[in-house]
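The values are calculated or read from the model by the stated rules, or taken from the named source; none is laboratory data. Model, not experiment: these values are computed from the prediction. All Cβ positions, glycine included, derive from the backbone under ideal geometry; neighbour counts span all protein chains shown.
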Amino acid sequence: MTTGTLPRVSVVGLGKLGAPLAAVLASRGFTVIGLDVNKTLVDSMNAGKMPIVEPQLNELIAANKERVSATMDANEAIQKSDASFVIVPTPSDSTGFFSNRFVLQAMETLGKALKNKQGYHMVVITSTVMPGTTGTEIKDALEAASGRKVGPDLGLCYNPEFIALGSVVRDMLFPDSILIGESDAKAGDMLQTIYLQMCEKKPPVQRMNFVNAELTKISVNTYVTTKISYANMLADICDRIPGADVDAVTKALGADTRIGAKYLKGAMGYGGPCFPRDNVAFAAFARKIGARADVAEATDRINNFQVERLSALVSKFAKAGTRIAILGLSYKPHTPVVEESHSVKLAAKLADAGYVVTVHDPLAQDAALAVLGDKVVGASSIEGAVRECDLLIVATGWPQYKELDPAWCRRTGQRLTVLDLWRTLPVDKFEEVADLLYLGSGR
């Protein structure tokens, strides 16, 4: 790396987070080379269009093609970069812990390539790992494979992202803060320099040792899920009290600076690839070291109860055999991901209970149907789903559902019941044709 120029970066793993990181870095002036074992992802990045649904991703890649490339050759990636960001899966094992097997494979691959390189190189672990592993097995694997010691000519950092699918690019450009667990000041300084160039604004940078950074990452997600489950607990209580309104309560709670408004909305439970498993891993880790994580365990129990709560609510308004339409299957808007989606779990539970279930989602319908199989029927349009049902559930707050035509809800001789879990539809537009019920409204 020449003094005064930006470090060259390699991104190891071109999946849902790695590809956006490569695109964002390239858009901010970095020369980026992606490394992956999947030839399709490598060829796609070189062609300028990734098969990943994420807002702004392909636009950034296309606009910065001269600075971004990809390879399956680790030697090429190492020779053409000064820092390597490793974003590979860390799947949960049977105990709830994150498995480092793909991270350790990456350390071996990068380490072998580093044997053929002169000069300093920094390796950044961006994948979420368990506390206590970056400075032990991950560091050991990198040193063994490279023949180098972490120090003057080899930097190691733990640097997890705090992003959400559906807004990955935006979240990378505008993070609340940057978390760096560093082997030494040289590595931390280099990584901080990269981030201050990459981010649109200059976020605060939290620098610390490996284990504190690992604990911080998993603690943030556990704390956020606790807020979500607290709001859902309040919604359940408000449902049972005439005149209660969870939105009024959480708005007042959120105005208190000790609490804050983010993630404090009583609706469905949390899902996706991170929140559920991070909470389970945190509790499992606490148990292993002899500590108590009662709050994390209660958060998980409350979250798992939400599908049962919603199916019980449906049974108050509809008997088995009733035609039910569920709008929204992704675990959140703007992504096709259905991992741990409560909408999908609810659809399966209602189908198993004897309801005739039709489902719709702008992006996630195929993925959901692959999970649900022939338990449900996929709707070809929003209108078709709404017109053919006897009870409607708006389960994910997609903006498309705000445009739902009240005329589709009109029924002869009866009124359609609509359970609007995220308060997506305005009551005044639907009160003539349907009974619109909000979660947590005491109605």
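Can you find even one residue in segment 226-246 that is more than 22 Å from Asp420 (Cβ to Cβ) and out of contact with any helix residue (DSSP H, G or I) (no Cβ under 6 Å at 6 or more places or on another chain)? Within segment 226-246, not a single residue is more than 22 Å from Asp420 (Cβ to Cβ) and out of contact with any helix residue (DSSP H, G or I) (no Cβ under 6 Å at 6 or more places or on another chain). Is at least one residue of segment 41-60 touching an Asp or Glu at 6+ places or on another chain (Cβ under 6 Å), touching a residue at least 12 places away in the same chain (Cβ under 8 Å) and surrounded by fewer than 24 Cβ atoms within 10 Å (Cβ to Cβ)? Yes - at least one qualifying residue is present in segment 41-60. Somewhere in segment 395-409, is a residue at negative phi, among the acidic types (Asp, Glu) and out of contact with any strand residue (DSSP E or B) (no Cβ under 8 Å at 6 or more places or on another chain)? There is at least one residue in segment 395-409 that is at negative phi, among the acidic types (Asp, Glu) and out of contact with any strand residue (DSSP E or B) (no Cβ under 8 Å at 6 or more places or on another chain).
Per the conditions (1) aliphatic (A, V, I, L, M); (2) surrounded by 19 or more Cβ atoms within 10 Å (Cβ to Cβ); (3) more than 22 Å from Ala23 (Cβ to Cβ), the sole criterion not satisfied by Met172 is (3).
Every condition in (1) over 23 Å from the mean Cα position of the chain (by Cα); (2) in a helix (DSSP H, G or I); (3) of a type outside the set (S, T, N, Q); (4) buried (at least 21 other Cβ atoms within 10 Å of the Cβ) holds for Ala144 except the one numbered (4). Being hydroxyl-bearing (Ser, Thr, Tyr) and assigned to a helix (DSSP H, G or I) is the filter here; which residues of segment 307-360 pass it? Passing the criteria: Ser311, Ser315, Ser343.
Looking only at residues of segment 405-425 that are without any contact (Cβ under 8 Å) to a residue 24 or more places away in the chain and assigned to a loop (DSSP other than H, G, I, E, B), we find that the one that is nearest to Asp239 (Cα to Cα) is Gln414. Taking the listed residues Arg411, Arg387, Arg415, the one that is surrounded by 16 or more Cβ atoms within 10 Å (Cβ to Cβ) and either over 14 Å from Val314 (Cβ atoms) or at pLDDT below 95 (or both) is Arg387, with no other qualifying. Of everything listed in (1) crowded, with 24+ Cβ neighbours inside 10 Å; (2) in contact with a Lys or Arg (Cβ under 9 Å, 6 or more places away or on another chain), the single unmet condition for Asp352 is (1).
Within segment 247-270, residues that are in contact (Cβ under 8 Å) with a residue 40 or more places away in the chain have Cβ atoms under 7 Å from residues that are among the basic types (Lys, Arg) and surrounded by 20 or more Cβ atoms within 10 Å (Cβ to Cβ) in no pair, counting only partners at least 6 apart in sequence or on another chain. Each residue in segment 61-89 was checked for being within 14 Å of Leu21 (Cβ to Cβ) and assigned to a strand (DSSP E or B), and 6 of them qualify.
Among the residues that make up segment 185-194, is at least one of them within 24 Å of the chain's Cα centre (by Cα), loosely packed, with under 14 Cβ neighbours inside 10 Å and in contact (Cβ under 8 Å) with a residue 12 or more places away in the chain? Scanning segment 185-194 turns up no residue that is within 24 Å of the chain's Cα centre (by Cα), loosely packed, with under 14 Cβ neighbours inside 10 Å and in contact (Cβ under 8 Å) with a residue 12 or more places away in the chain. For segment 90-125, the set of residues classified as buried (at least 21 other Cβ atoms within 10 Å of the Cβ) and touching a residue at least 60 places away in the same chain (Cβ under 8 Å) consists of Phe98, Ala106, Leu110, Met122, Val124, listed by residue number.
Can you name the residue in segment 7-44 that is closer than 15 Å to Ser81 by Cβ and part of a helix (DSSP H, G or I) and is also farthest from the chain's Cα centre (by Cα) among such residues? Only one residue tops the list, namely Ala26. Only residues that are surrounded by fewer than 20 Cβ atoms within 10 Å (Cβ to Cβ) and over 24 Å from the mean Cα position of the chain (by Cα) were counted across segment 355-372, and they come to 1.
Are any of the residues in segment 137-158 in contact (Cβ under 8 Å) with a residue 24 or more places away in the chain and under 29 Å from Thr335 (Cα atoms)? So far as segment 137-158 goes, yes, one or more of its residues are in contact (Cβ under 8 Å) with a residue 24 or more places away in the chain and under 29 Å from Thr335 (Cα atoms).
Screening segment 309-338 for residues that are free of Cβ contacts under 8 Å to residues at least 12 places away in the same chain and either crowded, with 18+ Cβ neighbours inside 10 Å or not small (Gly, Ala, Ser) (or both) and picking the one that is nearest to Val377 (Cα to Cα) gives Lys319.
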